[in-house]
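The values are calculated or read from the model by the stated rules, or taken from the named source; none is laboratory data. Note that the coordinates shown come from a computational prediction; the quantities given were computed from them, not determined experimentally. Because the Cβ atoms are built from the backbone with ideal geometry, glycine has one as well, and the counts that use them run over all protein chains shown. The area values use the complete protein model at the heavy-atom level, side chains included, leaving out ligands, DNA and RNA. Shrake-Rupley method; radii C 1.70, N 1.55, O 1.52, S 1.80 Å.
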Amino acid sequence: MKGTKRWLALPVVAALAAGVVSGCSGSSDGGDGKGTVKLKMIESLTSPARTEVIKKMIASFEEANPNIKVELISPPLESADNKISTMLNSKESLDVLEVRDVTVKQFVTNKWIADLTEDTNAWSGYKDLNANSLAMANYIENKPYYIPYGLYQKMLFYRKDWFDEKGLTPPKTWDDLLNAAKTLTDSANNRFGYSFRGGSGADGYIVDLLRDFNGANVNTDDAMFLKSGATIFSTPEAKQGLTLYTNLYKDGSPKDAINWAFAEQVQGFVSGATAMLIQDPDTIDPVKQKLGEGTWATAPMPVGPTGVSHYKVGAAGWGMTSYSKHPKEAWKLIEFLSSPEQNAIFTKTAGVIPIHNSASVDSYFKEGAYKPYIDMANDPEHFVAYKPETDYKGFGEWRKIVQQDGQAVLLGQLSIDDALKKWDAYWMNEKQQGK
Amino acid sequence: MKLFRLNRTQTFIFLCLLPTILLVFGFTYYPIVKGIDVAFRNYSLFNLSDVRYIGMDNFKTVTSSAQFGTILKNTALWVSISLVLQFVIGFGVALLMRRSFRGRGVYQGFVFYSWALSGFLIGIIWRWLFNGQIGVVNDLLLKMGLISERIGFLSDPKWAMFSVIVANVWYGVAFFAIMLLAALQSVPSELYEAAEIDGAGSFGQLRHVTIPYIMPTIISTTALRVIWIFNFPDLIYGMTNGGPAGSTHILTTYMLDKIVFSGDYGQASAIGIICIAILVLFTTFYLFATRAGKAGDF
């Protein structure tokens with residue numbers, strides 16, 4: 001009996017051990033030998049409604065290409081980019097992935113994603129992409145490393161009914177916005193002027209505001225700096241900007257907002273606690289669902305004292321891994337997802353600005369809540385696009401620093417001068433180290 | 001070769017153990033060794049083409065941060081206050097549930113329920129409960145007339161650490177209640193009878209019978225709990241993200257920050273090693289110091 005047991009145990013152990021070893025490395029080689037190609041695709045900005053649309057788009061793709069099967073991985077939003085980096089670093093089998101403006105530099109530096117120049121040269125739809133999409137696709141090294149599926153850009157949401165009640169018009173400048181916020185604030189009734197973003201993600205709000213105060217002096221190609229080469233934090237205008245920022249918090253926003261991130265900020269607006277909100281187009285849908293028609297409206301971003309507003313176009317899209325075994329099929333999928341028809345379906349659900357020139361004639365985007373985007377695009381003298389600073393090594397650390405220092409300034413633990421001095425030093429150092 | 005000359009039984013045992021050994025080495029020891037290695041490298045996700053050794057630089061960077069002092073202080077507060085409150089309340093709850101009463105099973109379910117939730121989830125729940133604008137805690141306090149103005153539990157640095165500790169206490173009470181209840185039920189009833197005959201009241205019984213009897217459980221559970229609370233960034237991360245202005249950062253949330261924001265696994269690993277060092281020191285000291293306590297064991 002003992003002998004039998006031993007011989008039985010051997011294969012079991014071997015199987016278990018093999019399982020352990022293979023569990024650590026990617027296994028699938030795609031394809032099952034019958035001419036069917038299996039693609040693996042991963043998304044990053046996951047949300048249930050969006051995943052559903054992507055699945056529908058994949059289903060139509062598979063219908064049109066019966067020899068290609070696509071497996072979609074949808075990790076939770078919070079950890080998605082980390083998961084993608086880990087998968088890429090260990091060369092796990094993956095063909096198509098969601099690339100974001102904040103991750104593209106990292107992916108390219110580590111040679112994880114493929115240069116799509118050859119594919120885009122052969123693609124007729126590439127020329128139909130609008131200027132912002134082309135710029136974002138070619139953000140790194142002037143080569144298309146991903147095809148955006150949509151663009152993000154901030155605008156102002158406001159409570160039309162409250163504004164009408166007080167006889168106010170939508171603010172055109174940051175000073176207007178501060179004054180409107182003060183007028184609308186009635187803390188005894190738990191009503192505040194502005195949905196302030198003090199928590200995670202506050203960095204973009206602070207820096208954009210300081211850029212607007214620096215006006216036309218900002219170097220839009222390297223937007224942490226002025227045309228003179230000094231940082232945007234080194235000027236008296238920056239001090240004015242940061243002063244307005246603190247006043248906006250103190251006199252026009254809920255005290256609690258120092259810790260508000262995206263969810264609280266939007267919740268504050270739709271629950272009727274705040275009168276103004278600055279957000280991306282993906283907020284249109286939740287606002288529409290919670291607030292009655294006619295009680296709210298959208299407007300272009302407020303401008304700085306010299307009439308300039310700087311905007312960053314955010315983008316995310318689809319790219320291909322550099323080690324994909326099926327680059328042809330992977331590109332086919334990216335091309336399909338980026339076609340005007342599929343992009344129209346996607347952008348309406350995801351609440352992003354479409355990537356094709358042809359979309360600007362679509363009445364859905366020409367009227368209503370999306371209209372400020374068209375207005376801002378048609379007024380390039382006052383609304384100036386800049387290249388985001390996401391390609392600096394210190395960008396990730398910077399976001400944390402400015403969030404934390406921003407809170408310290410609001411709490412009075414750090415003076416405005418000291419904060420600006422510290423940020424100035426940080427970016428002079430970044431510039432020295434190079435991108 | 002002598003080493004490998006095993007008899008049949010030994011071979012069989014060894015083969016049975018092999019999968020576990022492989023698992024433990026693959027998923028416990030390998031990551032530890034790798035983590036130590038990474039701590040001395042320039043290992044940032046931003047650029048993995050240059051992962052050279054940089055000596056103690058990562059340790060210098062993290063310890064010379066202006067926040068590091070606050071972080072250590074917060075870690076000490078977070079661990080000690082959470083532990084004491086969790087233990088005292090958990091012990092009280094266990095004592096209340098020692099004798100059987102109608103519906104005890106259901107009641108136990110409610111008490112133990114918090115232990116089944118994930119830290120991030122608890123963080124998100126408490127984040128909304130403590131919301132300074134629309135949070136239910138403020139609402140209740142206002143309606144009870146205890147406060148006249150809403151408190152920014154998570155936005156005011158004076159309250160933020162208090163708030164995350166409250167949430168942690170709520171979570172951890174269940175653990176002590178479970179463990180201590182099990183220990184309490186093992187105390188032989190003869191001991192209480194004897195103590196009663198000797199004239200001990202209920203406090204005397206608690207002091208001279210219950211606590212000495214369950215002392216080994218108390219020592220091991222508190223030691224475990226210190227390590228777990230120390231290594232529990234989930235809750236703070238979900239509630240305040242270390243804010244406002246870094247006032248609720250502890251070592252492990254600081255470590256997460258290094259990964260999430262900077263992608264700097266080198267510095268994160270350096271913090272991880274500092275954590276291990278502190279915990280090893282603590283555990284050694286604690287177990288040494290409580291040896292005397294064990295002597296009172298029955």
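Against the list (1) surrounded by 14 or more Cβ atoms within 10 Å (Cβ to Cβ); (2) within 30 Å of residue A:404 (Cα to Cα), the condition residue B:80 fails is (1).
On the basis of being farther than 30 Å from residue B:262 by Cβ and either away from chain B (no Cβ under 13 Å) or modelled with pLDDT of 90 or more (or both), does residue A:388 make the cut? In short, no.
On the stretch given as region A:250-272, residues that are outside any helix (DSSP H, G or I), open to solvent by less than 10 Å² (accessible area, probe 1.4 Å) and farther than 16 Å from residue B:130 by Cβ total 1. Across region B:142-163, the qualifying residues are those that are open to solvent by less than 40 Å² (accessible area, probe 1.4 Å) and away from chain A (no Cβ under 12 Å), and the one among them that is modelled with the highest pLDDT is B:161. Any idea which of (1) within 14 Å of chain A (Cβ to nearest Cβ); (2) within 20 Å of the chain's Cα centre (by Cα); (3) open to solvent by less than 30 Å² (accessible area, probe 1.4 Å) is the one residue B:267 doesn't satisfy? All conditions pass for residue B:267, except number (2).
In the set (1) within 14 Å of chain A (Cβ to nearest Cβ); (2) under 24 Å from the mean Cα position of the chain (by Cα), the condition left unmet by residue B:272 is number (1). Note on region B:200-215: residues that are open to solvent by less than 40 Å² (accessible area, probe 1.4 Å) and in a helix (DSSP H, G or I) total 5. The residues listed here are B:110, B:162, B:101; of these, the one that is aromatic (Phe, Trp, Tyr), without any contact (Cβ under 8 Å) to a residue 12 or more places away in the chain and not in a helix (DSSP H, G or I) is B:101. For residue B:254, the criteria (1) in a helix (DSSP H, G or I); (2) surrounded by fewer than 22 Cβ atoms within 10 Å (Cβ to Cβ) hold in every case but one, which is (2). Being hydroxyl-bearing (Ser, Thr, Tyr) and free of Cβ contacts under 8 Å to residues at least 40 places away in the same chain holds for only one residue in A:364, A:386, A:370, A:392, and it is A:364.
Might you check whether a residue that is away from every other protein chain (no Cβ under 14 Å) and aromatic (Phe, Trp, Tyr) occurs anywhere in region B:60-76? No; the residues of region B:60-76 include none that is away from every other protein chain (no Cβ under 14 Å) and aromatic (Phe, Trp, Tyr). Residues that are more than 17 Å from residue B:165 (Cβ to Cβ) and surrounded by 18 or more Cβ atoms within 10 Å (Cβ to Cβ) were ranked within region B:105-133; the one that is farthest from the other protein chains (Cβ to nearest Cβ) is B:111. Just so you know, in region A:210-249 the residues that are surrounded by 18 or more Cβ atoms within 10 Å (Cβ to Cβ) and closer than 17 Å to residue A:276 by Cβ include one that is farthest from the other protein chains (Cβ to nearest Cβ), and it is A:212. Among the residues of region B:39-58, just one is more than 14 Å from chain A (Cβ to nearest Cβ) and open to solvent by less than 30 Å² (accessible area, probe 1.4 Å), namely B:39. What is the residue count in region A:373-430 for residues that are assigned to a loop (DSSP other than H, G, I, E, B) and of a type in the set (Phe, Trp, Tyr)? Selection size over region A:373-430: 1. In summary, residue A:379 fulfils each of the numbered conditions (1) under 27 Å from residue A:119 (Cβ atoms); (2) open to solvent by 20 Å² or more (accessible area, probe 1.4 Å) with the single exception of condition (1). When you check residue B:235 against the structure, is it open to solvent by less than 10 Å² (accessible area, probe 1.4 Å), hydrophobic (A, V, I, L, M, F, W, C) and either in a loop (DSSP other than H, G, I, E, B) or away from chain A (no Cβ under 14 Å) (or both), yes or no? The answer is yes for residue B:235. One residue stands out among those in region A:295-316 that are outside any loop (DSSP other than H, G, I, E, B) and more than 22 Å from the chain's Cα centre (by Cα): the one that is surrounded by the most Cβ atoms within 10 Å (Cβ to Cβ), which is A:296.
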